[in-house]
Structure formats: structure tokens, C-alpha cells
Amino acid sequence: MPDLNMAQAINRTLSAEMRRDDSIVLLGEDVGALGGLFGTTEGLLDEFGELRVIDAPTGEGGVIGTAVGMALYGLRPVTELQFADFVWPGFEHIVSEMARIRYRSGGQYACPLVLRLPYGGGVGGGMYQSQSPEAYFCHTPGLVVAAPSDPTDAAGMLRAALRGDDPVVFLEPKSLYQDCRASVDDDHIVPLGEARVRRQGTDVSVFAYGSTVPVALAAADAAAGSGIQTDVVDLRTLLPLDIATVLSSIAKTGRAVIVAESPTYCGFGAELSATLSERALLHLEAPVERVAGFDVPFPHVHEDDYLPSKRRVVAAIERVANF
Amino acid sequence: MPDLNMAQAINRTLSAEMRRDDSIVLLGEDVGALGGLFGTTEGLLDEFGELRVIDAPTGEGGVIGTAVGMALYGLRPVTELQFADFVWPGFEHIVSEMARIRYRSGGQYACPLVLRLPYGGGVGGGMYQSQSPEAYFCHTPGLVVAAPSDPTDAAGMLRAALRGDDPVVFLEPKSLYQDCRASVDDDHIVPLGEARVRRQGTDVSVFAYGSTVPVALAAADAAAGSGIQTDVVDLRTLLPLDIATVLSSIAKTGRAVIVAESPTYCGFGAELSATLSERALLHLEAPVERVAGFDVPFPHVHEDDYLPSKRRVVAAIERVANF
Amino acid sequence: MGELLTVLADDVEAIERNVGDLSDADLTALYESLVVTRVVDERCARLQQSGRIGFWIPSGTSAAVSAGAARAFEDGDWLYPSYRDVGAFLVRGGSIEQLFAQVLSSRDDLARGRQLPGHATLPAGRFVSVSGPLATQIQHAAGTALAMKLRHDPHAVLALFGAAATDQASFQIGLSTAARHAAPVVFVCRCPSTSLASLAMAHGVNPVSVDGTDMLAVYTAARSAREAALAGAGPTLIEAVVPAGTAALEPAVRLRPYLEHRGVWDAGREDEFSRRCEERVAAAVAAAESAGPPAADTMFDDVWAQRPWMLQEQSRKLRRLKDES
Amino acid sequence: MGELLTVLADDVEAIERNVGDLSDADLTALYESLVVTRVVDERCARLQQSGRIGFWIPSGTSAAVSAGAARAFEDGDWLYPSYRDVGAFLVRGGSIEQLFAQVLSSRDDLARGRQLPGHATLPAGRFVSVSGPLATQIQHAAGTALAMKLRHDPHAVLALFGAAATDQASFQIGLSTAARHAAPVVFVCRCPSTSLASLAMAHGVNPVSVDGTDMLAVYTAARSAREAALAGAGPTLIEAVVPAGTAALEPAVRLRPYLEHRGVWDAGREDEFSRRCEERVAAAVAAAESAGPPAADTMFDDVWAQRPWMLQEQSRKLRRLKDES
Ligand SMILES: Cc1ncc(C[n+]2csc(CCOP(=O)(O)OP(=O)(O)O)c2C)c(N)n1
Ligand SMILES: Cc1ncc(C[n+]2csc(CCOP(=O)(O)OP(=O)(O)O)c2C)c(N)n1
Ligand SMILES: [Mg+2]
Ligand SMILES: [Mg+2]
């Protein structure tokens, strides 16, 4: 059980699962000799050869459409794009094909494809290497949408994705690839659809996922300093949501803050906020607050002001607690 | 002021505005000789010629990307797709280009393009000729997203779109193209961003847009029969939302039902529900209910069960009223 | 382009040289598929006129392209069809009963009534669920062929589509992907005239043009293309030309003399077969209509491998609503 | 392919025949743009090493492609550049000061600090805001050219991109759209070797290959392509080849002897110009750094033509938060 950062944890999990299941193949720009833009596929070409680690041209539409055809055949393709921001040329294949081939064929065909998308800000990447597109996927029935927040979860969730039968949009918070190290076990599975309470508290629930979990935890520490005990829920899977954990947290606290990087309007946080009030209205002691990106394209020089900062989260926790 | 159905109202408005502003050009499959799949461009090729009414090949990515280049140059392209369901090949140009060229150029370039998308169910169109993709657009800052519900609004809103400076996703409820006739005035403008209260009531607010407005109105009639007075708000523009009208309705009623065809999860209704509870929690006397499509791909044979029916809306109104 | 591959010319010996591998039974089956497709088209047009179905695109004059190309493929090969491929559906083992279960969205439809009439699926025949968006299947076919190659699976893939699909990005990308990997796939485009040869070559795909009303020419071209693909010579794009204005019966009219020459078909057999076919179609329609649609609750199946909580909840809601009525 | 168009050969008369329209001043300006680009690249590399900027892709060896092609276009023409087009930016009238305002996201940046270094915009030079996604600008260029044609605007469009853009659908669709309308657009692809001629022809686009380190060859090819496009002969795709491993100075080294021959350049002028250039760059960097970034509140401008209520509210929120700190 070595201590690995998230990029290494993903790399190790890919390698372990590829040894275990020879139907897993990797496909993407520079996943081969280069080992992936963020190093997550390093060594895999050497270990598994060109029949299982396939360097593709840049075109994201080509990568995703090809992978759909491979998945239909019975392989388990894992695609890596350089940045989630560049997923759109493949969006038709995701929304109209991958997500619904099982449905439209009456369950006769499946499309167990794992779409790995490095996403999120905090790396000075500007407008096209920083975005968080989860909401575009979460409105698409048939997809599983997951975003890990630490190396252990990244490994466990990726393993679940690789052994599952649904297409998975696997959002990797690129700002956390090297953020911290944690132990990674080659048998550990984190079932998709299960959230994780990262901190227990009874005053305010803070819901976060992927890149905003460390911000939520830091804000929770700060809030504790002023006497507010937060329940920090790492959602981990956004579709399907772990409704039981979400509702038991809000039942306990009656107050909620949701933290996300993507623009606020019609973002994933809208669903969560709506769910909280529709299903727990009588518990709610304060309006839910969303601390998210502003409704602007991801800005470059003002990235720090745009992103939900610890300060913004703490301020929201305090407002909600003192409502 | 002739009485026209929605398809005719759109046709007439296109013609009137093209006479007024020679920078407007039409682009799309079969918009020329055929007059559009739904007849909305009939006669325009004859009236304006091939330099302004351009038949394009099927590829939706080609139509939209080309139109972006035309809009940057200073024209006002209006694109028509056959079905909103086929918009995805152009989604990159919508999300990464059209919506943000103004932003990324510091306001030096604009992209005043009107993307006309026939959308929605109720016509037996199956999985790929029935969908309501509004949520995918509403999460994209820089876009205006509008959906008229009758001929008068269709004309007035299209006119506003054609005279505005923002890119507009104009969702045309295809089930209503021939639904009813109404007077259409060639000067009438419905500013985008303004909702319309279609029926006044103090018990329950019903929010609808586009194709679900007639359902909401029918349900409101039925509810009135059992003594529940509803405020029916036709949102008309989904981005930006008419927050003032929305909040004043909920302040009056304290109870809300949201009606939409698209799948519930992370749909546009999530934003509206979240907004209502976040901004009007103290007014809320019952949990907001969303009556929307189920979280499945649009089904063919079970279309009637899938779509929000009058019965489902009435039941929700009653639950919310009697909470 | 006058260079369309033709087989059904006057010279019987030349025909035999081309399709010597086809037995009498094979030839009869090919011809019969044209008859079945015509009867299906006619019946579906009537079903549409009477409002019992809302949508039908006839296979019409492209029936010979569909069935002829499909016939060149073997068990274990994969097919990515379009909405005009009743012919291929039949060749791959689909029955008239299955077809009308799909067309009429009966509870016996393998796809549980979820798609428009004509958008069939037939996993046993590796005939993949027809998609709505044009051209996406071209990329999937390339992907499946690449997968076969990676797995040393000695099979090939057939993708069928119309001319409008070639306006889509998926056509360009599908061709270039297949060529890059020399993936064993054959692309067949039914079109009113040829236009794609130089584009195919530029992408590294072998171009072939055939007379699409000549079923044996389509078969021959597809069979050669399949063999070449399996031999590692790369993918082929076959343009199967069916000129605008071609009469619906043309493919059958062209094929029949040769079958008559071989003594396996005549007017009597035609009448007899058509009649049986119409009976079977009528019975299939009746069966599908009396079977009725799948239960509404099946709407919630097959979205994900398991129903998540939202769907369980929505299913309960719908059941309650129906119980109340 | 040995047939790359070359102008900078030994034969001076041949050079003059090709670029007789270029005055001494023109030639000097072209050469100077190479020097400026080199100095900019060097400075930006240092800014990146020191952490003052997080991103820089040098124009490097493609400087001659960018400036040479841009020089062939006139006022009123439109340019759709990529992230390696400092050369074109300069040729279209962009200043070193504007460039570093963009690179350092200063308040003087026309695009208000919203894009990564190198993603410039220059409306006065009809140099359209550089986009992140590869290849989208190819379709926009076709669309703008079509618009010009519809409006009888006697101008043309230049689109610049790298080889990876040709893997994208927008490349295929952009070429075929331009060809279908014979739209006045010239596509220039910088690439390590040629590969696109047959594809271009298949789409109806004229293919040309040039030595991309030969600035006058690029200029000549682009000028002819522009003229052809305006004469209605359709779009051209120029492959400007810069082999992998080409030395950064190569384009300048190749151009310089001819300028020396014409007596408009020498070692002294080179030193003098480089020195002034470095000074101006240093001053531009200092100015950009002392100007500081645009006010945070500008983040909410230019999303829509007007700020809708959400942005007004978010702007107030951010201001309050900043006031509190
Ligand atoms: C992406 C996409 N856009 C539009 C459509 C609507 N559509 C259905 S069939 C069709 C025409 C197809 O023409 P062609 O490929 O020539 O085939 P044909 O039916 O004429 O044989 C169109 C545009 C679609 N199915 N998919
Ligand atoms: C759609 C898209 N996918 C991926 C990227 C990331 N990306 C930026 S530059 C680049 C390589 C471009 O290579 P090439 O076109 O050869 O240009 P070069 O910089 O080598 O001249 C890639 C893949 C992108 N910008 N857009
Ligand atoms: Mg056709
Ligand atoms: Mg390169």
C-alpha cells in the first residue's frame, strides 16, 4: 500500500486493472510514449504494448466516437483527453450514443467506457484549460458522473468505474493531481453512488466534490475556530447522487452550503439545492447557499476572484449558521 | 395584424426583419427551396434570393461554425436545424466560441447569431426528434435562451433576438407550430428576459415555458375547478431569467410547481426550484414540486407517460396546495 | 462517372464468374429479401396512412444495396445499419415478426418500443441498434473494427449510410480512423451519384463505385472489400449508386432474369412467395397489435445497468398515478 | 515531397521576379518582424521561467510562416490566427506594448486579461481573438469569407493553424464549406511535412506546399492564393513546412542574405535593431507590470452586451468581499 499522489494513484489503478482484465484498453492523445499530459499513463505502453495503449490524434470527437465502437464490441476503453474543456467535439457521441445505446437497444448493447477528463481551475490555465463541465453531463440519463478528491478515492472510484457496466465520465481535478499523497490499495473499491462524510458536524452541512473538497475542509477548519461545526460531505459521485447521505446530513444540520467551481446558474449545485429544499424543507433553518463560480466564462487574470475561495466558503457558512 | 399560427408567425417575422435589416441571412438544411422542415422559411428564398437564404448541407457543425464566422464579420445569421436533438455536432462552436467571443475579446467582437431549434415532444418523434435540451444551454454564460409558447410571443421574441446583440438559442416548441392562431404585429417586440403572467392566482404558482405552457394553463383551469387559484408564469426567457416576476409570484403564493419536458435531474427546473427556495425560503409554505420528464432518454412508445401531462400537473398543484 | 461496377449484364458467364460462390439457395434468398422489403414497405406505408405508426422511411430502391452488402458478411461480423436497412436486417437473420414488433412497438420488440419504426436492433445478427443522428455509426464501425484488430478477431464490420451522412464530421473522422489503423471495415454509402472517391483515397480508404440497383454488383464489391480488409489492405468505401427517379422495382427487375435463367425463380414462385409474405406480414402486424406495448414501467429499465433511486422513485410515482386512474 | 515552393534560392533575379512588389521598406519590415518575434519569444521564456507568466508557446521557427502569410493580406482582410502568430499580430499593426499588455494581462490588454498569454486580439487589424480549441477558427474563417462574398466585399480571409488542427472535424468542414461557396479564404497550416494535398483537392481546395522557413516563399504563395480566391478560383490550403529540428534562427538566416544583397540590412543594423527591440520589450514589460491587472469587477463585463441581474448581484458580492478584506 504505497503512498501516492492522485496522478500516481490513477496510474497504478489503470495498470492493476489492465493486468486483471485484458479487455481494458487506453486511447487518447499522448497516452502512449509521453505517458499522458499529466503523467497518469506513464509506463503503461511499455507494460501493455501498442494493442492496449493507443496514441490517438488530437481530435476528441475521433477518440470518443472510436471508443464507443470499441465498447459496443465488448472492450472497456478508457479515453483520456488533455483537458475537459476540449470534450465538445465528442459530445454528440456522449449524449446521443454512449449514454443511451443500452436504452435504445433494450439492454442488448452496453457501452462501458470510462471517459477520463482532467478538469477544474487553480492551475493558471485560462478560459480553456480550467473549466468544470459536470452539469452538462449530469443532465444526461445513462451516464455516471464521478469526481474524486484524493488519491485513495481516485483509485477506488476508477476501479469501480472499470468494473462497472455503465459509461462513466470520470472528472479528475487537475489541481489535485500532485496535491497530497495517500495510501492506495489494489483491491480498494469505492462504489460509484456513495458519498463520503469527510468531517462530522451538526451546525452546517458543506457539500463539495472533486477540487472543492480541500477548500470545503479548510473552510470547515476555519469555521470551527469561530465555533461552527460543519458536516463536510464529499459527494464523490454526482450522478447518481447519494441521496441518503445528503438527506441525513441536512436532517442533522438544517443548513447547507454547496461549493463548486463551475458557473452558478444551472450548475450541479442547482440540483443539489433544489433537492435539499424539495425533500427537506421542514428541516431547513436557513436558505441554502451556493458558493460557485460566477456566471462568466472562466477568466484568466481574475481566476482567484472567480474560484470559490476558503474565505467565500467561510463567509457563506457563517451567514447560513447565523441566519 | 393577421391571425397566424406559430410557424407562420415566425415566417412573417423573419420576412419583416429581413426587409428591415439586410444583414440578416438565413442558413440551414432545406431553409431555401423547401421552406424549412416545418415551413417557417417558406417564400423567403423567393423574396430575398440566394445571397440571403442559404441551403446548407445537413452537417449541423458546419452550419453553426459557418454562422459564427458570418456573425463575427457583422452579419446576423439565423440558423435553422431540423431538430434540436441534432445540435451536438455544433456544440463546441456554441459553448466555446459563440457564447464567449465577446468575453474573450474584451468586447471587441460580438456574435449576434440566432440559433433556431425546433424542440420538444408530443409529435411522436421518438428519442431523437423530441428532446428539450435547454439545460445544456442555460449553464453557458453569454447565451440568451428563449422559448416562446404562442404565435404572438414567438414573433415578438424572435424580433427581439434579431435586434439584440447577444447570441440567442431560440427554442421553438414544435408541437405548438400549428397549435393555435393569434394576431401578429410587425412592430411587436417582447424583450428577452421578461416573463409573462398568463393567469393570475394567489394559491399556487405554476412556472412553465415553451411547450409546457398550454399544459400548465389546462391544469390551472382544472385546479380552479377544485378551488385552487394558480398564478401561471410563462417564463419565456430562461437565460437570463426574469427573477423579479418569479419572486413576486412566489411571494404571493408561497407554493410552486415547475413544469418542463426535459429530464428532471439537473434540468432547468432545478435552477428555478433552487432559486425559489434560496431567495424566498421564508415565503415557502410547501416544498416546490417539479413536474418534468423522467430521468430516461426520451422514450417512443411511452411518450405520453413520460411527458408532464395535465393530470400530473394538477396532482402536483393539489399536493402543493394541500401541503 | 461511367465506371460503376456492374455484374448483372447480358453475359451470364461473367455473372457466374463473379458470384460463383452463391448457391441457388443463396440467390433465391437474396431475391426474396427484395420481395419481403417491398411488402414491408407497402404495409408500413399503409400503417402510416391509417395513423397506426407515425413514421416510416421505406428502404425502397436501396433494398438491394442493404441486403446485397449484408450478404457479403459472415456470422461474427458486425453491422452498423441506418434506417433504410430492412434488407440487411433480414439477411442477418431478423424475422418479419421481430421487424413488426419493432415497427409497432409491441412488447415483443427487443428494444422495448423505445425507438421509431425502422430503428431496429438485432444482437444475434450483430446488427447494432440503428441510431437517429446521421453518421455516428460510421465512427462506431471504425471503433469496432479497430477492436477486432486489437483482439485478433478474424471478422469485419459493415457500416451502411446515406449520402447526407457524408456531410457530417463523423464520416470524415470515421474514415480516417479506420484507415490509420487499417481496420477491417467496409463503408457502404447509398447515393444518387458518385462523388467521394478522391476524398476516400485522401483519407487512405479504397474507393469503389457500384450500380446500387445491381444486387450482385453490390454483393461482389462488398465481398471483395471485406476480403481486402481482412487481408490487411485497409477499409473500403463503396458508393452504391441509385439514381434519383429509379423505379422501386428496379433492383428486383434486374436480378430476376438471372434467377430465371438458373431456373430457381419464375412468375409462379414470385406470386406464391409474395402471397405468403403478405400473409406473414399481416399475421406479424396482428400479433404485434394484439401483444400491445411493453408495460409503462419498462420505461425505467436499461437507462443504467441498475435503476438508481431516482428511477425507482419515478417508477413508483408513475404507478401510483396510473393506479389512481 | 521535394516540390516545396522556394523563393530564397541563389538566383537573385528569380527572387526579384517573385517579390518585385515588395519595397525595401517592406522587406525590412518583414525581416524586422522575425527579430521582434525572436526577442518576444526569448523574453516570454524568461517571464515563464521566473513565474511571472504561466504559459507561453513560442512562435519560434514558424515566425516566417505567420508574418510572411499575413503580409500578403491587405487592410480590410480578416485574419484568424492561432497561438503561434506573434508575427501576424505585428504585421497587422499590433505593437509590442499591446502584445505585452496581453501577455501580462495588464489593464491595457484589449481583452482585459481574460486569455492566456499569446491569445491576442486586434480588432483594428481584423486579427480575430485567438481561440483555445484547435481548428474552430478554420470554420469561422470560411464563414467570414462566405459573408464577404454575400456582401460583395472585395476582401479575403486568412486562417492560420498547426498540424494538429487538421485532426479536428472543423478542419474538414471548414475546407468543404469554403470550397462549396468558392469563398475567398486562404488556409495556412504550419507542419513538419506535407500530407494534405490530396485531401484538400478532394474537398475542392487548391493545395500548395511551401518551404516554411523561406519567408518570401510563404509570402508569394499566400499572395497568389489570395488573388486566386478573390478572382473566384476558390480557397487554397498552403502547407508551410518547417521540418522538426529546424533551428530557431533559420528563417532569419535564410532571408538575410537577400536583404544584405539589396543593401537594406547588415550586421550593424541587426545589432542596433535588436538592441532597440529589447529595450522596447523591456519597457513594455515594465509598463504592463506597473499598470497592473484590470479591476476585478471587469470580470463581469462583456459576457452579455449588458450585465444581467445575476452578474450585477455577483459583482456586488465580490466587491463586498473585497471591501471586507
Ligand atoms: C445529425 C442529423 N441531422 C439531421 C437528421 C435528420 N435527417 C434524417 S434523414 C435525413 C436525410 C438523410 O438523407 P440521405 O443520407 O441522403 O439518406 P436517404 O434517406 O436520402 O437515403 C436527415 C437530414 C438526422 N437524422 N441526423
Ligand atoms: C480541441 C483541442 N484539443 C486539444 C488542445 C490542446 N493543445 C494545445 S496545442 C496542441 C498541439 C498543437 O499541435 P500543432 O497543431 O501541431 O501545433 P504546434 O503547436 O505543434 O505548431 C494541443 C493538442 C486544444 N488546444 N484544442
Ligand atoms: Mg438522400
Ligand atoms: Mg505540432
Legend entry - Subset tally (residues that are within 16 Å of ligand 1 (Cβ to nearest atom) and free of Cβ contacts under 8 Å to residues at least 60 places away in the same chain) for the range C:131-188: 21
Legend entry - Residue list for the range B:73-82, restricted to those being touching a helix residue (DSSP H, G or I) at 6+ places or on another chain (Cβ under 7 Å) and assigned to a loop (DSSP other than H, G, I, E, B): B:Leu75, B:Leu81
Inset, instruction - Give me the pairs, please: first residue somewhere in the range C:301-319 and under 22 Å from A:Leu272 (Cα atoms), second residue anywhere and of a type outside the set (Gly, Ala, Ser) and part of a helix (DSSP H, G or I), beta-carbon distance under 6 Å, and either six or more positions apart or on two chains. - result: C:Val303/A:Tyr103; C:Arg307/C:Phe300; C:Trp309/A:Ile243; C:Leu311/C:Phe300; C:Ser315/C:Asp297; C:Ser315/C:Phe300
Legend entry - Enumeration of residues in the range D:221-238 that are in a loop (DSSP other than H, G, I, E, B) and within 20 Å of D:Ser66 (Cα to Cα): D:Pro235
Inset, instruction - Determine whether D:Phe187 is within 20 Å of the chain's Cα centre (by Cα), hydrophobic (A, V, I, L, M, F, W, C) and part of a strand (DSSP E or B). - result: yes
Inset, instruction - Inspect the range A:275-287 for any residue being free of Cβ contacts under 8 Å to residues at least 12 places away in the same chain and hydrophobic (A, V, I, L, M, F, W, C) and give the result as yes or no. - result: yes
Inset, instruction - For the range C:126-147, enumerate the residues that are more than 7 Å from every other protein chain (Cβ to nearest Cβ) and out of contact with any Gly (no Cβ under 8 Å at 6 or more places or on another chain). - result: C:Gln137
Inset, instruction - For the range C:171-186, name all the residues that are hydrophobic (A, V, I, L, M, F, W, C) and either within 16 Å of ligand 2 (Cβ to nearest atom) or under 13 Å from C:Ala228 (Cβ atoms) (or both). - result: C:Ile173, C:Ala178, C:Ala179, C:Ala182, C:Ala183, C:Val185, C:Val186
Legend entry - The lone exception for C:Gly20 - which of (1) at pLDDT below 95; (2) farther than 20 Å from C:Trp265 by Cβ it fails: (2)
Legend entry - Selection from the range B:91-109 of residues that are of a type outside the set (A, V, I, L, M) and in a helix (DSSP H, G or I): B:Phe91, B:Glu92, B:His93, B:Ser96, B:Glu97, B:Arg102, B:Tyr103, B:Arg104
Inset, instruction - For residues that are surrounded by fewer than 24 Cβ atoms within 10 Å (Cβ to Cβ), polar (S, T, N, Q) and within 16 Å of ligand 2 (Cβ to nearest atom), tally how many sit in the range D:190-223. - result: 3
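Residues are listed down the side, and each one gets a yes or a no for (1) within 16 Å of B:Ala161 (Cβ to Cβ); (2) of a type in the set (A, V, I, L, M, F, W, C); (3) assigned to a loop (DSSP other than H, G, I, E, B):
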{"residue": "B:Asp22", "(1), (2), (3)": "no, no, yes"}
{"residue": "B:Gly39", "(1), (2), (3)": "no, no, yes"}
{"residue": "B:Asp46", "(1), (2), (3)": "no, no, no"}
{"residue": "B:Ala67", "(1), (2), (3)": "yes, yes, no"}
{"residue": "B:Ala71", "(1), (2), (3)": "yes, yes, no"}
Inset, instruction - Search the range A:52-91 for residues being facing chain C (nearest Cβ under 7 Å) and more than 19 Å from A:Pro112 (Cβ to Cβ), and hand back the single one that is farthest from ligand 2 (Cβ to nearest atom). - result: A:Gly62
Inset, instruction - Working only within the range C:259-305, note down all residues that are within 13 Å of another protein chain (Cβ to nearest Cβ) and in a helix (DSSP H, G or I). - result: C:Ala288, C:Glu289, C:Ala291, C:Ala296, C:Asp297, C:Thr298, C:Met299, C:Phe300
Legend entry - helices (runs of 4 or more DSSP H) wholly inside the range C:1-110 containing at least 2 residues that are within 16 Å of ligand 1 (Cβ to nearest atom): C:24-49, C:63-71, C:86-91
Legend entry - Residue count, the range A:188-218 (criterion: touching a residue at least 60 places away in the same chain (Cβ under 8 Å) and assigned to a loop (DSSP other than H, G, I, E, B)): 2
Legend entry - Among (1) within 12 Å of chain B (Cβ to nearest Cβ); (2) touching a Pro at 6+ places or on another chain (Cβ under 6 Å); (3) within 30 Å of B:Arg76 (Cβ to Cβ) - the single one D:Arg107 does not satisfy: (3)
Legend entry - Selected residue [farther than 26 Å from B:Arg102 by Cα, more than 16 Å from ligand 3 (Cβ to nearest atom) and either buried (at least 24 other Cβ atoms within 10 Å of the Cβ) or within 9 Å of chain B (Cβ to nearest Cβ) (or both)] from D:Arg180, D:Arg151: D:Arg180
Legend entry - Test result for C:Leu158, over 21 Å from B:Tyr128 (Cα atoms), surrounded by fewer than 24 Cβ atoms within 10 Å (Cβ to Cβ) and not aromatic (Phe, Trp, Tyr): no
Legend entry - Entirely in the range B:219-323, the helices (runs of 4 or more DSSP H) that have 3 or more residues that are within 14 Å of chain C (Cβ to nearest Cβ): B:303-306, B:310-321
Inset, instruction - Test D:Pro154 against the stated conditions and say whether it is away from ligand 2 (no atom under 16 Å from the Cβ), farther than 16 Å from D:Gly68 by Cβ and part of a strand (DSSP E or B). - result: no
Inset, instruction - Answer yes or no: is there a residue in the range A:93-109 that is touching a Phe, Trp or Tyr at 6+ places or on another chain (Cβ under 6 Å), among the hydrophobic types (A, V, I, L, M, F, W, C) and within 15 Å of ligand 2 (Cβ to nearest atom). - result: no
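The values are calculated or read from the model by the stated rules, or taken from the named source; none is laboratory data. On a predicted model such as this, the values are computed, not experimentally measured, just so you know. Note that we place each Cβ from the backbone using ideal geometry, even for glycine, and neighbour counts take in every protein chain shown.
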